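A.B. asks: Sharing a structure below in structure tokens format, with a few things to ask.
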Amino acid sequence: MDAVKVVTGAGPVGWTVASQLAASGQRVRVLTRSGSGPEHELVERRRVDASQPDALTAAMAGADAVFHCIHGSTYSAEAWRHELPGAERAVLRAAGEAGAVVVFPESLYSYSRPGAVMTEDGPRRAGTGKRGVRTELLAARAASPTPTVSVVASDFFGPRVRNAHAGERMVPLILQGRRVAVIARADVPHSFTYIADLAAAMIAAAASPQWWDSVLHAPTLPALTQRELATAFASAAGLPAPKVAAIPAWVLRAAGLFSVELRDVAETLYQFQHPFVMDSTASQGRLGLAPTPLDTAAKETVEWWRGQA
């Protein structure tokens, strides 16, 4: 019998990875606290807390690849530091006992030269806040005896992606004919990754031992401005280009004095004040993948959001 693929978490990334695996005929075991996940004859859904070592070890029996897609309970450095390292250690230990590789979705937060085009061999030494947590997680994966691959994406969009700059803050407003308010600057280049491309890269990386114990980039289209992405969604929906306004960085910083949530958003304003560009060319060649064309990705995103209405 073929080995099972284990997916921890059923958020947008975990759900998409599990769906793609099942669609390709592979057996999938999704581990969540709630028992949620895609409904498919090849998907087994189990109630498992990924921070509990004994339960995790039993749930990974027979696995040859683990896709660890769990994130912090809140968007804060405090929550990430409290929750994520321990969960990753438990997953790495259990996967190692099962003889499985662990594939992680990763962000660009750890990149310490974000003003330059970010490539796979760029420095990842950011040291404060949420950025520092991501740097520490990458270092722990590199030190683990269990093989790992970290697949980096920029801000992603697509079906099931709600809490994101190009999610509920943008697409539903466009469909309602309302103005879209974006972060910092509307016309600065910014890389956006289609979530299906991130999932495809994670699956391909798991099947490519030659690229284990490395950092790869998910296939990502050339950088767009936030205005251009909003316009692409409107075009896919058959609507006129939306009105796009930018919330100035100083407003967000000032609001952060009174709101913890906005303070955490303000920490990464640099990503939207200046060009924030990742290059995935090398990883695309390594994995034999290419990003989904923008019109296709925008159409699939709009169709999913319309289905939610």
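The values are calculated or read from the model by the stated rules, or taken from the named source; none is laboratory data. Since the model is a prediction, treat every value here as computed from it, not as a measurement. A quick note on method: Cβ atoms are made from the backbone with ideal geometry, for glycine too, and the neighbour counts reach across all protein chains shown.
A.B. asks: Just checking, how many residues over the range 93-108 are surrounded by 21 or more Cβ atoms within 10 Å (Cβ to Cβ) and under 20 Å from the mean Cα position of the chain (by Cα)?
C.D. replies: Here the count works out to 7.
A.B. asks: What are the pairs with Cβ atoms under 6 angstrom where one residue, in the range 147-171, is within 30 Å of residue 97 (Cβ to Cβ) and the other, located anywhere, is surrounded by fewer than 20 Cβ atoms within 10 Å (Cβ to Cβ) and not hydrophobic (A, V, I, L, M, F, W, C)? Sequence gap at least six, or different chains.
C.D. replies: Final answer for the pair search is 147/213.
A.B. asks: Go through the range 208-226 and give me each residue that's touching a residue at least 60 places away in the same chain (Cβ under 8 Å) and not polar (S, T, N, Q).
C.D. replies: The answer is 209, 211, 212, 213, 215, 216, 217, 218, 219, 221, 224.
A.B. asks: Any residue in the range 43-66 that's of a type in the set (A, V, I, L, M, F, W, C): show its pairings with residues that are assigned to a strand (DSSP E or B) and surrounded by fewer than 16 Cβ atoms within 10 Å (Cβ to Cβ) at Cβ separation under 8 Å, as long as the two are six or more apart or on different chains.
C.D. replies: As it stands, the answer is 59/46, since those pairs meet every condition given.
A.B. asks: Continuing with the same structure: So which strands (runs of 3 or more DSSP E) are wholly in the range 121-196 and hold at least 3 residues that are within 20 Å of the chain's Cα centre (by Cα) and within 26 Å of residue 92 (Cβ to Cβ)?
C.D. replies: Ranges flagged: 148-152.
A.B. asks: Step by step: first the residues of the range 227-257, then only those that are in a loop (DSSP other than H, G, I, E, B) and without any contact (Cβ under 8 Å) to a residue 60 or more places away in the chain, then the one that is surrounded by the fewest Cβ atoms within 10 Å (Cβ to Cβ). Which residue is that?
C.D. replies: Ranking the qualifying residues of the range 227-257, first place goes to 238.
A.B. asks: Please determine whether any residue of the range 40-51 is within 11 Å of residue 6 (Cβ to Cβ) and assigned to a helix (DSSP H, G or I).
C.D. replies: no
A.B. asks: List pairs: first in the range 16-38 and within 23 Å of residue 55 (Cβ to Cβ) and modelled with pLDDT of 95 or more, second in a loop (DSSP other than H, G, I, E, B) and of a type in the set (S, T, N, Q), Cβ under 9 Å, 6+ apart or cross-chain?
C.D. replies: Cβ pairs passing all conditions: 30/36.
A.B. asks: Working only within the range 75-113, note down all residues that are without any contact (Cβ under 8 Å) to a residue 12 or more places away in the chain and not in a helix (DSSP H, G or I). Don't jump to the end; show me each part of the working.
C.D. replies: Taking the range 75-113 and keeping what is without any contact (Cβ under 8 Å) to a residue 12 or more places away in the chain, we get 78-79, 82, 113.
Answer for the range 75-113, where residues must be without any contact (Cβ under 8 Å) to a residue 12 or more places away in the chain and not in a helix (DSSP H, G or I): just 113.
A.B. asks: Considering only the range 217-225, I want to know if a residue exists there that is within 27 Å of residue 74 (Cα to Cα) and part of a strand (DSSP E or B).
C.D. replies: yes
A.B. asks: Can you find a residue in the range 138-145 that is at pLDDT 95 or above, farther than 15 Å from residue 229 by Cα and either of a type in the set (Ser, Thr, Tyr) or buried (at least 23 other Cβ atoms within 10 Å of the Cβ) (or both)? Outline the logic, then answer.
C.D. replies: Taking the range 138-145 first, the residues at pLDDT 95 or above are 138-145.
Adding the requirement that they be farther than 15 Å from residue 229 by Cα leaves 138-145.
Filter once more, so that each one left must be either of a type in the set (Ser, Thr, Tyr) or buried (at least 23 other Cβ atoms within 10 Å of the Cβ) (or both): 144.
Looking for residues that are at pLDDT 95 or above, farther than 15 Å from residue 229 by Cα and either of a type in the set (Ser, Thr, Tyr) or buried (at least 23 other Cβ atoms within 10 Å of the Cβ) (or both), one finds at least one in the range 138-145, hence yes.
A.B. asks: Could you please tell me which pairs satisfy a Cβ distance under 6 Å, a separation of 6+ or placement on different chains, a first residue in the range 115-137 that is farther than 24 Å from residue 188 by Cβ, and a second residue that is outside any loop (DSSP other than H, G, I, E, B) and not polar (S, T, N, Q)?
C.D. replies: 133/77; 133/80; 133/81
A.B. asks: Is there a residue being among the acidic types (Asp, Glu) and in a loop (DSSP other than H, G, I, E, B) anywhere in the range 54-66?
C.D. replies: no
A.B. asks: Is it the case, given these coordinates, that residue 205 is in contact with an Asp or Glu (Cβ under 9 Å, 6 or more places away or on another chain), part of a helix (DSSP H, G or I) and more than 23 Å from residue 265 (Cβ to Cβ)?
C.D. replies: no
A.B. asks: Is at least one residue of the range 110-128 within 23 Å of residue 5 (Cβ to Cβ), out of contact with any His (no Cβ under 6 Å at 6 or more places or on another chain) and surrounded by 16 or more Cβ atoms within 10 Å (Cβ to Cβ)? Lay out the reasoning, then the answer.
C.D. replies: Narrowing the range 110-128 to residues within 23 Å of residue 5 (Cβ to Cβ): none.
Among the residues of the range 110-128, not one is within 23 Å of residue 5 (Cβ to Cβ), out of contact with any His (no Cβ under 6 Å at 6 or more places or on another chain) and surrounded by 16 or more Cβ atoms within 10 Å (Cβ to Cβ), which makes the answer no.
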